[in-house]
1. Round to a whole number: what % of the accessible area of region 136-183 belongs to carbon and sulfur, probe 1.4 Å?
2. Kindly give Rg over Rh for region 318-382, based on alpha-carbon atoms, with the Kirkwood expression for the hydrodynamic radius.
3. Hey, got the dipole for region 308-441? About the Cα centre, +1 on K and R Cβ, -1 on D and E Cβ, debye to the nearest 20?
4. Could you give the spread of the C-alpha atoms of region 188-323 along their three principal axes, from largest to smallest, in whole angstroms?
5. Is there a quick way to get the dipole size of region 204-322? I mean about its Cα centre, with the Cβ of Lys and Arg at +1 and of Asp and Glu at -1; what is the value in debye to the nearest 20?
6. Where nothing but the Cβ of Lys and Arg (+1) and of Asp and Glu (-1) is charged, how large is the charge dipole of region 91-216 around its Cα centre, in debye to the nearest 20?
7. Place +1 on the Cβ of every Lys and Arg and -1 on the Cβ of every Asp and Glu in region 336-435, take the dipole about the Cα centre, and give the residue among 348, 435, 366 whose Cα lies farthest towards its positive end.
8. What accessible area per residue, rounded to a whole number of Å², is obtained for region 175-279 using a probe radius of 1.4 Å?
Amino acid sequence: MTRRSCAIYATGIVCAHLLIVGIALVVAQVFQTLIHNRLKKEMTLTEGSRVFDSWKDPPLPVYMQYFFFNVTNPEVFLEGGKAAVTQIGPYTYREYRPRENVTFLENGTKLSALNPKSFVFLPEMSVGDPEVDLVRTINIPVVAVMDQMKSYSLFLSTLVSIWMNSIGVDLFMTRTVHEVLWGFKDPLLSRIHRMKPDVDEYFGLMYKKNGSHEGEFVFLTGEQDYMDYGRIDTWNGLSKMTWWSSNQSNMINGTDGSTFHPLLSKNELLYIFAADLCRSIHLAFEEDVEVKGIPAYRFAPPKDVLASPDDNPANAGFCVPAGECLSTGVLKVSVCRQGAPIVVSFPHFYQADQKYINAIEGLTPNKEDHETYLDLNPTTGVPIRASKRAQLNVLLNRVSGFPKTKHLKETVFPIMFVNETVVIDDESAAQMRTLLLIVTLVSNFPLLIVGMGVLLLVVLVILICRSRQKKNEVKRIDFTEAFHSFGTAKEDTAYTQVSDKAEDHSENHAGQQMRNGSYIAMSPVEAQKC
């Protein structure tokens, strides 16, 4: 066997093996299963895991931006007209949120932790000085007191109204941004505090929240099931809440929004328990995005999260008392705000009923600035970019005994909204890209084997074609040499006609010649005579 034949046979054997092994590995998904199992093992809240340290002390910078709605025509509104507001902000704070008192429970399958948050003002990312800038907004302590008086007699409500006028409090107040956020000594609450010491005399939207936490969370580590990675088991000792009017509404579902299980699917719903909203919400896949070269799925709350019970019957449990529901896009959270008529929504009533937008002049809801979203890498489940946006509103209405409210219509009045954002930093993004490259190479290794097999198949075809071409060339050379030899013999040969006379030595032979007729015989040229 020639060297060329050996090369063809060897290439064919290697090619066949590569294709068979590669296709078998692709079909069986062996390498993909191996890398996925590795990810499931690494993505757990256990000591020494790849993600535990970053979960315990998040390295990514989180920014909290506050925007306020400054009321420009309070007199018009009190007379029954439409309120006009202008947005001021942002006032930006760096948010630090390390976890404390981390304790493993039940053989390491659960762990408890506190998550205190502290805020540091960033003037370079803000529009002004919060301790100087003034904002005119609804006086929430006054509204809270009036709302409490709805259950009392008209006579008592009138007395309280006269008393409130005497101390100079009004439905609107003008305070610095810092006071509205972090607290001030309120004249109305101070007087109530003297009669009821359990009532705090200070008020602020973020009062006592700088450096505080939202309670103790118990998380599942995901060691037993990767789908449980970071899922909340209990909050403040509760496996479900008691505020709402249905078991479904009281459920504590999902994570705290900082962790999600790996190997995400576009078809699943992601659940988040938001303590500041007093409920769980879900997010659905919206689109594919890319952040700093990292592929991600964008998840966002669909419209049915805050839809009215008419559009989404499952939300009927969030109506307290049962049956008293607001329209689409808003959620009354008085049950977890000490009875204050607080309503939450997306900023500028994004995705809300148009009547809320039309009731206030100066609102311009849009998806780009007012949507809450999470950009998650589907392989690891790690948040790459996120923006949590929520608006705080007050429910205003006419209250018997308070003359200043006699012209009011039911209005969900905007106070301010927050934009809590985080984006992966460059160093973490580089590490993530490297990890994803390794995962991709390992997962697609069988395809590389198949590719090598296909490449060798092409080489094999080329070798076979060249071998056949070589054989054809040899045959052509042999035929040419034979034809050349025949031509040379022709030049050295002459043709003569055989005589018609019979030779004397054989009559039979002559007869045979006559029967066969004339024939041609060859004789060398040199044998002929002139």
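1. Values: 1280 of 2190 Å².
Reported share for carbon and sulfur atoms: 59 percent.
2. Numbers: Rg = 15.3 Å, Rh = 14.0 Å.
With Rg and the Kirkwood Rh in hand, the quotient comes to 1.10.
3. Working: 12 positive and 14 negative charges, 131 e Å.
Around 620 debye, computed over region 308-441.
4. 58, 39, 32
5. Details: 9 positive and 16 negative charges, 74 e Å.
I would put it at about 360 debye.
6. Numbers: 14 positive and 16 negative charges, 48 e Å.
The dipole of region 91-216 has a size of about 240 debye.
7. Final value for the positive-end residue is 348.
8. Details: 5110 Å² over 105 residues.
Normalised by residue count, the accessible surface of region 175-279 is 49 Å².
The values are calculated or read from the model by the stated rules, or taken from the named source; none is laboratory data. Note that the structure is predicted; figures quoted are calculated from it, not measured. Backbone-built Cβ (ideal geometry, glycine too); neighbour counts: all protein chains shown. SASA here: full protein model, heavy atoms, side chains in, ligands and nucleic acids out. Shrake-Rupley method; radii C 1.70, N 1.55, O 1.52, S 1.80 Å.
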